[in-house]
Every structure is written in structure tokens, then in C-alpha cells.
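Asks: First, the structure itself, so that you have it in front of you.
All of the numbers you see were taken from the coordinates with simple rules; none came from a lab. Since this is a predicted model, take the numbers as computed values, not measurements. Please note: Cβ atoms are built from the backbone with ideal geometry, for glycine as well, and neighbour counts cover all protein chains shown.
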Amino acid sequence: MMRLLVIAALAATLAACIPMPQRVHDEFSRYDGERPNNFLTGRHRADQDEPAQGVGE
Amino acid sequence: MTRLANGLALCALSVWLSGCTSFRDVTFANYQEFAGPSGEYYDTPLASGQIIMTGSKAPTDILLGVMPREFSPYIHLGIVVIDEGEPYVYDETGDPSLNLDPEVPPTSTIEGHVRRVPLERFVERYFYAEIFEPSGADRAKVAEFARHHLAAKTPFDPYFDYNDDSAFFCAEFVARAIEYGGGKRVSIAPNRPNLSVSVVMDWLGVPEETIATSSLVDHGNPVMRMSNYSDSEIFALNAFKQEIHRRFTADQTIGNLFRWDGMRPQMRINGQRLLDKSLAKAKDLPPDRRLIEAEIRAIADRLYGEFSG
């Protein structure tokens, strides 16, 4: 019974995961918030009152 | 009295067992009608052939929103049809199935066809929904098109190919219905140039062009709005998306806003902070679209720096 539950859980996890090639994965990993004047990340505002916190998750 | 109580209990039980609820039984915190009764569904403006458009704050939907050249706050759309006295939404959507090969994109495993969902269940899935008249089209013909393709089980097009008439994606389903109803053929616009987005689109096999949804309806004049959020919060969500869209220039990477958690994109903390602050600020503001857009832009300027883009 336990084995069945483990298999079911594994199957559910696999079904829920979307495998992607490295080149696509890299696009989601390419955080360039350290770049000056990035107007989506605010890293250049680190000395201001509300600096964004970069990756941080 | 006991007989009445038994009757009510039986009625409630039958509704529970059938899983059915009438649209009239559902209460939205924010329910507005901007037009007079249509005569089709009690005293509401609801009518078959109207177009429903939804907004969402799900990260996947925010990601899809930055891709088109023209900003649109809406993420999914369908056609309202009144069947047997109850309002439904006919729409095109699909679900991915199991896939273990990273070179096989999820688009190639997605299957679905035109479906029919009770209006209240459709609306409850989103941050808000607005209903519009179809642009320059006969509503009865639009509804006829929807019913035909439900019966035909016309498949969902996961490749978002507008040139392929054998399958539809959601906006194409609506666009084709409006054309069938006598409206003009909608325009296809290229996505904005962005190398990072191109990598993902290339993998998915999706062309880098999309339907300009603004041409489908008169955006300025909704017939109805339904949400469990206030107008100010709805306008703030739209203003947040518009600000992100404005700042997602050709040199930005997807990774600057999103990370992948294995199943779907998640917003990074910088974008999430702007979203959270936008919705929090909305609670203090009157439902004035322009005022809210200015306030959200000011918050983005403080967080990210002033951007004239």
C-alpha cells in the first residue's frame, strides 16, 4: 500500500513538472540586477530609500 | 414549517449533488452593470454573443502580458452564451499531459477543445472579468459560431497559429466568431523584439506575433464588471502590468522578473514588491484610473528609478 502511495506521489510530481532544455532554463536564471540602470530590478537604487532586494527568494 | 424546512433541505441537497448554481445565486463583492437590460437574462444586460475578458495576477499571465508590442490588461477571453436560461462562457483552452523529454515543449502535449463553463465558475477563477459588446458584429451570429464549434469540439491550438483554421487559441476563437458575425478581420501584430522571450517562444514553437485584442471590443465601454476586488484594486493591477510592460525593454531578460520553480514561472521579489505595493496603495485611492496609473508609476520610479522609455 505504502509503495503504491509513493508511486502515485512520484507520478503526480513528474506530471506536474515541465522539463525544459538548458537554454530555456538559462533565460529564467539570467538575473542581471547587478547591472547599472536596470529599470526592472532597481539594483542601481541600492542607495535610495526603497532598494529592491535582487534575487533573494 | 417542518415540511418547508424539509423542502429547503431537499432543494439544497439536490443543488449540492448536481453541483449546479444559478448565476443569480452568486454574489460578487464588486458587481456592476453599465448598460440597460438586454431582455435575455432577467433584468441584466447579459446577452448571447457578448465577449468576456479577464484579468489575472498569476505570474504566468503577467509573463505572457509583457510579450506583445501592444499592452493589454486581459489574459483570457471567451464568448457569453445563454443556454436553457443560464449564462455560460464558451472558450478555447487546453491542458498539458505527462512529458519527460526537455526538448519536447509542453505545447506539443497540450490538448483541449472548445468547452462550455457556467459564467459564475468562469469569473471566479480570475481577479476580475469584464463583458463587452463584440466590435461591429451581430451577437446572434457570434453565439451561433460558438455553439457550432462546441458541438464540433474544435481543438485548442497550443501553437497560437492564427493561420491555422483547424484549431483555435482563445483570442482566435473570439476573433473568428466576430468575423463570422460581420465584424472586421482582426489584425495580427508582431511581439516586441526581445532575445530572451525569443528563446522561449522558439522552444515552444509559437510564432512571435499575436492578435491585438483591443480590436475585438470597445475597451472603453464594458457592459458589466465582476470581481471580488474593488475597482481601485482592478485599476491598480492593470497599472502594475502596464508599468512592467513599459519597462520590459528589448534588453531585459525573463530572469529579471521571473524564476522557474519546476512547474511554472514565479515572480522575483523585485516585481512582487511592486505588485504588492500597487494593490496596497489602491486601498487608499478612489477608483480613478488615471490617478491610480500615476501613483503606480511613482511607486515604480521609487523602486526601480525613473524610466522615460
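Asks: Over every pair of different alpha-carbon atoms in chain B, take the mean of 1/r and invert it; report that Kirkwood radius in Å. If you can, show how the numbers build up before the last one.
Replies: On the way: mean 1/r = 0.0478 Å⁻¹.
Radius from the Kirkwood sum: 20.9 Å.
Asks: Measure up B:Lys153/B:Lys277; B:Lys57/B:Lys153; B:Lys184/B:Lys241 against 32 Å on the Cα-Cα distance and list the ones that go over.
Replies: Working: B:Lys153/B:Lys277 43 Å; B:Lys57/B:Lys153 30 Å; B:Lys184/B:Lys241 28 Å.
Long pairs (Cα-Cα over 32 Å): B:Lys153/B:Lys277.
Asks: Ignore the peptide's own chain and count Cβ atoms of other chains within 10 Å of each Cβ in B:298-307; give me the average, rounded. Don't skip to the answer; put the middle values down first.
Replies: On the way: counts 0, 1, 3, 3, 6, 10, 13, 12, 2, 3.
Mean number of neighbouring Cβ atoms from other chains: 5.
Asks: Now a separate question. Per DSSP H run of at least 4 residues, take -39500 (n - 2.57); add these up for chain B, divide by its residues and hand me the 222 nm value, nearest 500 deg cm²/dmol.
Replies: Details: 9 runs with 111 residues, N = 309.
It comes out at -11000 deg cm²/dmol, rounded to the nearest 500.
Asks: Take peptide B:268-281, look around each residue's Cβ out to 10 angstrom, count Cβ atoms belonging to other protein chains, and average those counts.
Replies: On the way: counts 11, 7, 13, 3, 3, 5, 3, 0, 0, 1, 0, 0, 0, 0.
The per-residue average across the peptide is 3.
Asks: Per-residue Cβ counts within 10 Å, from other chains only, averaged over B:217-223: what number is that? Before the final figure, lay out the partial values.
Replies: Numbers: counts 0, 0, 0, 0, 0, 0, 0.
The shielding value for this peptide is 0.
Asks: Identify which of B:Ile254, B:Ile234, B:Ile296 has the largest mean-square fluctuation in a Gaussian network model of chain B, with springs joining Cα atoms closer than 10 Å.
Replies: Maximum among the listed residues: B:Ile254.
Asks: Another question about this same structure. Report the net charge of residues surrounding B:Arg192, where surrounding means a beta-carbon distance below 13 angstrom and charges are Lys +1, Arg +1, Asp -1, Glu -1.
Replies: Values: positive: B:Arg69, B:Arg246, B:Arg247; negative: B:Glu70, B:Glu208, B:Glu209, B:Asp251.
Net of charged neighbours comes to -1.
Asks: Can you tally the net charge around B:Ser232? Count Lys and Arg as +1, Asp and Glu as -1, for every other residue whose Cβ sits under 11 Å from the Cβ of B:Ser232.
Replies: Working: positive: B:Lys281, B:Lys283, B:Arg289; negative: B:Asp231, B:Glu233, B:Asp284, B:Asp288, B:Glu295.
So the surrounding residues net to -2.
Asks: I would also like to ask the following. GNM, chain B, Cα, under 10 Å: largest mean-square fluctuation among B:Gly94, B:Gly183, B:Gly255?
Replies: It is B:Gly255.
Asks: Pick from B:Glu295, B:Glu172, B:Glu103: which is most flexible by mean-square fluctuation in a GNM of chain B where alpha carbon atoms under 10 Å apart are linked?
Replies: It is B:Glu103.
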